[in-house]
Amino acid sequence: MLKTILSTHILPTVRHHSCGGLRHPAKLYHHPVPQRCVHTRTKPRISPPPKLKSSSTDSTAGISPFGWGLLIIPATTFGLGCWQVYRKQWKEGLIDELERKIHMSPVPIPDDLTALNEMEYQTVTVRGQFLHDQEFHLGPRACIQHGDSHTAGGLFSQKEASIGFLVITPFKLEGRDDKILINRGWVPKRYLDPATRPEGQVTGTVELQGVVRLPENRPQFTPKQRGAIFMYRDVERMAAMSGSEPYYLDATVASTVPHGPVGGQTRVTLRNEHLSYIVTWFSLSGFTTWLWFRQIVRGKSF
């Protein structure tokens, strides 16, 4: 009977409360006291927030040294644009200076001829005699026509105005032993020989005005001078051949005489195209900068 009571009442109750365990077997006959199971809570692991990186750092971190080296193209074109700005200012100043000198009143030729080196494009007055037997020719050149110089010379037709030569004649200054070179003006090719224009070979003492010109450097691909015909204004060689001082004047159009060379053959033209160069270089700099950013930084292709 005792076994029956234990198997039916006591043992199932003990199994049901497994959390408490059987510490004291002697107390099995008393009503069991339910024990609480203590459950400990673990704090969930919270991962730290990801570090944010700037987009500029991400975009430039992968640029290779070659990519950085390509920046030399926009940098160089920008520098060339700045240099053209400086050149434009310099050229405009030079043009203004030439205009000022050309419109200055004529002055007597200085006693010290070396002062002419600082007087280019200024007009001076000289008095003396031409030495026609030592005449040189410079050309071929086209004729520069001023006003009525076409009729004053009377040596050429309109068709001949593009083919001719400049007549360079030594000039002995009055009251001095100095000789200089004077460009009397333009003659057509058929009157290159002085014998074909005897009326234009003025004699005696004359007074005229001339524009001071400095020696000209030999242009590229220009052949060396041979004989009495020069391809460019080689003042040093002309002076050595004629025994004159290396100073050169362009006679003004007022010096033109009938059947003689047409004066006023001074060319004062300075090209000022630096504005177009500025636009070109800065445009290239902006375009190549945008192209570098698009291709290298953004990694986009066309």
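The values are calculated or read from the model by the stated rules, or taken from the named source; none is laboratory data. What you see is a predicted model, and the numbers here were worked out from it, not measured in a lab. FYI the Cβ positions are ideal-geometry reconstructions off the backbone, even for glycines, and counts take in every protein chain you see. In case anyone asks, the SASA skips ligands and DNA or RNA and just uses the protein heavy atoms, side chains included. Shrake-Rupley method; radii C 1.70, N 1.55, O 1.52, S 1.80 Å.
The residue that is nearest to the chain's Cα centre (by Cα), among those in the stretch 126-161 that are open to solvent by less than 80 Å² (accessible area, probe 1.4 Å), among the polar types (S, T, N, Q) and at pLDDT 50 or above, is Gln145.
Counting the residues of the stretch 209-226 that are more than 19 Å from Val268 (Cβ to Cβ) and either basic (Lys, Arg) or in contact with a strand residue (DSSP E or B) (Cβ under 9 Å, 6 or more places away or on another chain) (or both) gives 3.
Tally up the residues in the stretch 246-258 that are open to solvent by 70 Å² or more (accessible area, probe 1.4 Å) and under 12 Å from Ile182 (Cα atoms), please. Residues flagged as open to solvent by 70 Å² or more (accessible area, probe 1.4 Å) and under 12 Å from Ile182 (Cα atoms) within the stretch 246-258 amount to 0. Filtering the stretch 218-245 to residues that are assigned to a loop (DSSP other than H, G, I, E, B), open to solvent by less than 50 Å² (accessible area, probe 1.4 Å) and at pLDDT 85 or above leaves Tyr232, Arg233, Asp234, Ser244. In this structure, Thr169 does not qualify as more than 23 Å from Leu113 (Cβ to Cβ) and of a type in the set (Ser, Thr, Tyr).
With the requirement that a residue be in contact with a strand residue (DSSP E or B) (Cβ under 9 Å, 6 or more places away or on another chain) and open to solvent by 30 Å² or more (accessible area, probe 1.4 Å), what does the stretch 177-189 give you? It would help to see each step written out before you state the result.
Here is the first cut: in the stretch 177-189, the residues in contact with a strand residue (DSSP E or B) (Cβ under 9 Å, 6 or more places away or on another chain) are 178-189.
Matches in the stretch 177-189: Asp178, Lys179, Lys189.
Number of residues in the stretch 259-299 that are open to solvent by less than 70 Å² (accessible area, probe 1.4 Å) and closer than 30 Å to Thr196 by Cα: the value is 7.
Selection of the stretch 112-143 for residues being polar (S, T, N, Q), assigned to a strand (DSSP E or B) and either more than 24 Å from Phe165 (Cβ to Cβ) or touching an Asp or Glu at 6+ places or on another chain (Cβ under 6 Å) (or both) yields only Thr125. Within the stretch 190-217, the set of residues being in a loop (DSSP other than H, G, I, E, B) and either surrounded by fewer than 14 Cβ atoms within 10 Å (Cβ to Cβ) or in contact with a helix residue (DSSP H, G or I) (Cβ under 8 Å, 6 or more places away or on another chain) (or both) comprises Asp193, Arg197, Gln201, Thr203, Gly204, Thr205, Leu214, Pro215, Glu216, Asn217.
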